[in-house]
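Coordinate-derived values only; no laboratory data. Quick caveat: nothing in here was measured; it's all calculated off a predicted structure. Backbone-built Cβ (ideal geometry, glycine too); neighbour counts: all protein chains shown.
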Amino acid sequence: MWEYTDKVQEHFLNPRNVGEVDNPSGVGDVGSLACGDALKLTIKVDDNDTIVDAKFKTFGCASAIASSSALTEMIKDKKVSEAEKITNEDIADFLGGLPKEKMHCSVMGREALEAAIADYRGMILPMAEGEIVCECFGVTDLEVVRAIKESKLRSVEEITNFTKAGGGCGKCEGKLRELLNENVADLAELKRADKKPERMTTLQKIKKIEEVLDREIKPGLRQDGGDIELIDVDGDFVLVSLRGACTSCAKSQTTIKEVVEKKLRELVLDTLIVEEAK
Amino acid sequence: MKTSPGDEIYMDNNATTKVAPEVVEVMMPYLTDYYGNPSSMHVFGGQVAEGLKTAREQVARLVGADPEEIIFTSCGTESDSTAVLSALQVSADKRHIITTRVEHPAIKTLCENLEALTGHKHRVTRLKVDADGMIDMDEYAKALTEDTAIVSIMWANNETGVIFPVEEMARLAKERGVLFHTDAVQAVGKIPINLKESAIDFLSLSGHKLHAPKGVGVLYIRRGTPFVPFLAGGHQEKGRRGGTENVASIVGLGRACELAAEKLEEENTRVKALRDKLEHGLLSNVPRSMLNGHTTERLPNTANISFEYVEGESILLHMNRHNICASSGSACTSGSLEPSHVLRAMGVPFTAAHGSIRFSLSVYNTEEEVDFVVGKIPEIIESLRKMSPFWPGEET
């Protein structure tokens, strides 16, 4: 028996937005019968770039149906630019979590969304252009690498849970391990982060924060003509100042919370609070 | 979502069965007053051995064996491992095993491990099955070689109920001097078995598949068959299986075997009629549904039916709302990502394999239950098909 949350069961038994949108603006068709689950997502986008309707048809288990239903609820009335930020973790969170073996159902939701948006924009999905690693389930190397990075996967088993790759004949296990090792830079950092000491002196904190800012944050900001400077560290409060293009950027608050704080919590100390120095 | 005992419509008897009230009754004294060790010298313990003796006779009678040919184990899986590993040890120069592609994991995984863990020194032939799930006897006859240590082939398949001609296969093996084991966990109590008239050397059976408790099994070892124990230890089971006996469960199993012998006819008449009614009802009321497995060479209680273009776990969860218990060969229910190895070996197309449901009845099922299930399933399948991107509609 799977441990499904009440919300998963509720969305499975009473799925929202089943069917196909008439004259859809975009169609995302992912998965296959052979794979055991498939999702056809159709979306209607108005002149303001807002998704005004979304419907799904899904072949699959309870969590696949619930993930599809959740996805349509999450993207309705959202701007396409907002909807495209939805990750598979968001879908799983919306449902109060999924059993780890079932995470691939949420990945299928995200893939269908991306495919539908790409179709709406008349673009080709880059993920499909990778090289097939898992022949049983038709999973490309790009998809695997993306899952490793986005969901911070640390084992071949986790790759299988999220992408299904390796869940069939198992012949691609070696390749999956290689992909895991190639992307091990991230992995090593995670491991180091795991070992972070419970207590740090302020000096240690400052040093570590500067290191992470230099390596992880500044290169990205500088590409956009911006920069960031560490002003002060007071306990868990990290004061930073944005420079250059960042100062006039409307998204600067998001950058501080979503990018800087997230990264510092991940790699330095998970209690840190980042604020902009006034 | 919990269900209250008694409310369930239990059609999953190939997974496990209800313990018969008559079985519970004979077990109770051994869980209370008669707690002695049957190996003890004192009468208090010694009288417990009487219970074991009776149980051994009851089991032997059901399968047409001598009581001395029965050893009690902890489960069907232990019996399977014991038989195969013993055969490999007594004929250490032989490295070949013959089995099928549709075995229960108890044998399937054991053979995979024997191939891998011994550095592929053991060679395994896995016999093919046809679309009906039947074996090609010519392929089997050709597979028997000088090097073959043991044949292990299930009597009846747990997923489809398909019955293999194990008695004929055992005769062929005997002619070639090869030991023959059959996993009869699904067959015992459902079809007549008479080991005296067969050439079968080892047979496994399991208590919880025939209304005895879980955690007790039997290995039949034909008298005179060379044997090496799996569990070394005390002199229990005449030195053939160490470990203090699970007395209460063994006594229960004995009674269950007695009941099974009494109810064998009912199983093959009333239960079979219920199964047929269920099967016909579903196949005629649900478009694009089909039976998996041979129509006649099949256990009287089992019907494995595929509903195309829908997925098994979804079907089961909807059935669960109506308290209907069954199993599926779909990938999502197995914990792996691939559908049943049995259905795939039979060449069941993916459109159908993912949507397969196994209904397995018992003497406790009623006609009302069958009618209820036949009434509910079509609407469940229809609601899921409306959602399926592959459903082409009924007219195609």
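The 3J(HN,Hα) values that the Karplus relation (6.51, -1.76, 1.60; θ = phi - 60°) gives for the stretch B:239-249 are, in residue order, x, 9, 7, x, x, 4, 5, 7, 4, 4, 5 Hz. Gly and Pro appear as x.
Placing +1 on each Lys and Arg Cβ and -1 on each Asp and Glu Cβ, with no other charges, gives the protein assembly as shown a dipole about its Cα centre of roughly 1300 debye.
The Cβ shell under 12 Å around B:P165 holds other residues with a net charge of -3, Lys and Arg each +1, Asp and Glu each -1. I'd like to know which of B:L85, B:I200, B:I163 lies farthest towards the positive end of the charge dipole of chain B, counting +1 on Cβ of Lys and Arg and -1 on Cβ of Asp and Glu. My answer, from the dipole projection, is B:L85. For the peptides A:75-87, B:8-20, A:158-170, the ranking by mean Cβ contacts within 10 Å, running from highest to lowest, is A:158-170, B:8-20, A:75-87. Between 0 and 90 degrees, the angle of helix B:272-285 with respect to the longest Cα principal axis of chain B falls at about 30 degrees.
Cross-linked pairs A:K102/A:K175; A:K152/A:K208; A:K102/A:K251; B:K190/B:K214; B:K108/B:K174; A:K40/B:K277: Cα-Cα separations exceed 25 Å for A:K102/A:K251; A:K40/B:K277. In a simple Cβ point-charge model (Lys, Arg +1; Asp, Glu -1; nothing else charged), the stretch A:202-276 has a dipole of about 200 debye relative to its Cα centre.
Computed from the Cβ-Cβ distance with R0 of 35 Å, the FRET efficiency linking B:E197 to B:R101 stands at 0.75.
With a simple spin-label model that places each label point 7 Å from the Cα along the Cα-to-Cβ direction, the separation between B:S4 and A:E216 comes to 5.4 nm.
Put simply, the C-alpha atoms of chain A give a gyration tensor, and the ellipsoid matching it has half-axes of 36, 24, 18 Å, longest first. Considering only B:H294, A:V80, A:G60, and ranking their Cα positions along the charge dipole of the protein assembly as shown that arises from unit charges at the beta-carbon of Lys, Arg, Asp and Glu, the one farthest toward the positive end is B:H294. A dipole drawn for the protein assembly as shown from +1 and -1 charges on Cβ atoms has a positive end, and of A:C35, B:N113, B:V26 the residue lying farthest that way is B:N113. By the scheme Lys and Arg +1, Asp and Glu -1, what is the net charge of all other residues having a beta-carbon under 13 Å from that of B:G177? Every neighbour counted, the sum reads -1. Between helix B:312-321 and chain B there is an angle of about 90 degrees, using the helix long axis and the longest principal axis of the Cα atoms. Subtracting the Cα-Cα distance of B:T32 and B:M137 from their residue separation scaled by 0.36 nm leaves 32.7 nm. Counting, for every residue in A:36-49, the Cβ atoms of other protein chains within 10 Å of its Cβ and taking the mean gives 2. Spin-label model, B:K386/B:H280: points 7 Å from Cα along the beta carbon direction are separated by 3.1 nm. Taking the Cα centre of the stretch B:62-211 as origin and assigning +1 to Lys and Arg Cβ atoms and -1 to Asp and Glu Cβ atoms, the resulting dipole is close to 260 debye. With R₀ set to 30 Å, the beta-carbon distance separating A:D224 from A:E173 gives a calculated FRET efficiency near 0.15. Relative to the dominant Cα principal axis of chain B, helix B:76-90 is inclined by about 50°.
Legend: mean number of C-beta atoms from other chains within 10 angstrom of residue C-beta atoms, peptide B:348-361, equals 2.
A crude spin-label estimate for the pair A:R154 and B:K238, with each label 7 Å from Cα along the Cβ direction, gives 5.5 nm.
Near A:D22: Cβ cut-off under 12 Å, other residues only, Lys/Arg at +1 and Asp/Glu at -1. The net charge is 0.
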